[in-house]
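The values are calculated or read from the model by the stated rules, or taken from the named source; none is laboratory data. All values derive from a computational prediction rather than experimental measurement. Reconstructed Cβ throughout: ideal geometry from the backbone, glycine too, with neighbour counts over all protein chains shown.
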Amino acid sequence: MKSDAALLPVAVLGGGAAGFFGAIACAEANPSQPVILLEKTGKLLAKVRVSGGGRCNVTHACESPAQLAAHYPRGSKPLKNAFQQFGVPDTIAWFAKRGVQLKTEADGRMFPITDSSETIARALEEAARKAGVRIITNTSVDEILLQPTGGFELKLSGSGAGQLGGNLAVSQLLVATGGNPKSANYDWLRTLGHRVAEPVPSLFTFNVPNSPLNELMGVSVPQVRVVLAGEKLQYEGPLLITHWGVSGPAVLKLSAWGARRLSELGYVGTALINWLPTHTDETLRPWLQQFRQDHGKKTVASNPLFGLPQRLWRNLTEQAGIAAETRWSDLPAKAQNRLLELLLRTPLAVRGKTTYKEEFVTCGGISLDEIDLKSMQSRRVPGLYFAGEVLDIDGITGGFNFQAAWTTGFLAGRAMAVASAVPV
């Protein structure tokens, strides 16, 4: 027979990607186990709905767990085994089984073929409904009390708390409340004895209030290298010039790998933009000399090189002090040197950051050395599980953070189902 504790429901805190996946996995694996999902706001799957510009970048096409894990600035090594248990092929199959087909774009990002995040949100909500997950919104957990005989008592508040009588006794608890940049918002988990890696923002764009490129809003370049001067931080990828500074994958990914260092610097520094990442001083100088000999009659400013956008090229020539009518044959050596320097190292004075669209990712959270990554169960508190960005796990842009949510949520849910199964 089941013990009294096993008759109690399993609770999942957080109505986001990891919380839904964990609740569904538990309820599907053990249909006799009641599962209650609690969301403190009135909105479910809010981040799913806004991600990818409303298309939802579900995951990323990666050939192996090791290749996938390499895209996580925090959590890379521990995640390799987790991805072997539930990785990209499993995610694709999970959604396909529920009527959602995914497509792969040229850069490896995977989206629903409908190009609508609502497709993903509806699939998760329908799967939860079919599995019998009870969902209660507008309900906060103010306190978690460990019970002497095992399990937890949750002190609840909010308009939905009345459905549960204000308090809720549960046999197991999955915390999937997401990341938060404020350290104090993890205090309720610290009281359970868990160490928290101090949270700082990740995946953000650079503010450049006095940018020499401020008239080029909307101009994009498919491949640049962004280097943080004086640091060992650099990343290559597409770059977008915005009205507040620079964005695009090159900047976002650099911000992820350098999240802690950029926080220490107060988001102040100099970003050097190499518009020609395949070139160095040693290769670009002779190239320009040869072009000058072969095309001396061409005006410099009106004939962009290297496939750079016309507006960007003209801006760089103006910064180099090159007059609009100057021909290559008449270009002073000093001006050519200034242009070369700008092509390889345009300096931008970074003075702050901006959240990328409506998304945010946090570097930091529950330390992974206190978690059993096979089950996502706490090593300190039996019956307590964690999934998603509340952990010290974060990936670069491209679907990696959602994959971590699916993986950790699934492993936690399955482990809770096994733990609450009727003994044979």
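Structural remarks
One line per residue, one yes/no per condition, for (1) over 21 Å from residue 42 (Cα atoms); (2) surrounded by 16 or more Cβ atoms within 10 Å (Cβ to Cβ); (3) β-branched (Val, Ile, Thr); (4) without any contact (Cβ under 8 Å) to a residue 40 or more places away in the chain:
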| residue | (1), (2), (3), (4) |
| --- | --- |
| 101 | yes, no, no, yes |
| 105 | yes, no, no, yes |
| 108 | yes, no, no, no |
| 137 | no, yes, yes, no |
| 175 | no, yes, yes, no |
| 184 | yes, no, no, yes |
| 207 | yes, yes, no, no |
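- Residues that are over 24 Å from residue 185 (Cβ atoms), touching a Phe, Trp or Tyr at 6+ places or on another chain (Cβ under 8 Å) and outside the structural domain of residue 260 (by TED's automatic domain parsing) within the stretch 338-391 comprise just one, 375.
- Identity of the residue in the stretch 345-395, aromatic (Phe, Trp, Tyr) and modelled with pLDDT of 95 or more, that ends up nearest to residue 146 (Cα to Cα): 385
Residue-by-condition table, conditions (1) among the basic types (Lys, Arg); (2) out of contact with any Cys (no Cβ under 9 Å at 6 or more places or on another chain); (3) under 23 Å from residue 37 (Cα atoms):
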| residue | (1), (2), (3) |
| --- | --- |
| 85 | no, yes, no |
| 88 | no, no, no |
| 97 | yes, yes, yes |
| 107 | no, yes, no |
| 124 | no, yes, yes |
| 132 | no, yes, yes |
| 142 | no, yes, yes |
| 159 | no, yes, yes |
| 163 | no, yes, yes |
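- Residue match in the stretch 214-228 (condition: crowded, with 19+ Cβ neighbours inside 10 Å, in contact with a Ser or Thr (Cβ under 7 Å, 6 or more places away or on another chain) and more than 30 Å from residue 385 (Cβ to Cβ)): no
- For the stretch 334-357, the condition holds for no residue, the condition being that it is within 30 Å of residue 389 (Cβ to Cβ), assigned to a helix (DSSP H, G or I), touching a helix residue (DSSP H, G or I) at 6+ places or on another chain (Cβ under 8 Å) and not small (Gly, Ala, Ser).
- Residue in the stretch 249-266 that is surrounded by 17 or more Cβ atoms within 10 Å (Cβ to Cβ), over 26 Å from residue 75 (Cα atoms) and either more than 20 Å from the chain's Cα centre (by Cα) or of a type in the set (A, V, I, L, M, F, W, C) (or both) present: no
- Every pair of residues 6+ apart whose Cβ atoms lie under 8 Å, when the first sits in the stretch 151-170 and is over 20 Å from residue 42 (Cβ atoms) while the second is assigned to a helix (DSSP H, G or I): 151/5
- Cross-chain or 6+ apart pairs with Cβ under 8 Å, the stretch 392-407 first and in the same structural domain as residue 107 (by TED's automatic domain parsing) and among the aliphatic types (A, V, I, L, M), then part of a loop (DSSP other than H, G, I, E, B) and modelled with pLDDT under 95: 396/203
- Residues located in the stretch 376-400, provided they are of a type in the set (S, T, N, Q) and in contact with a strand residue (DSSP E or B) (Cβ under 6 Å, 6 or more places away or on another chain): 377, 378
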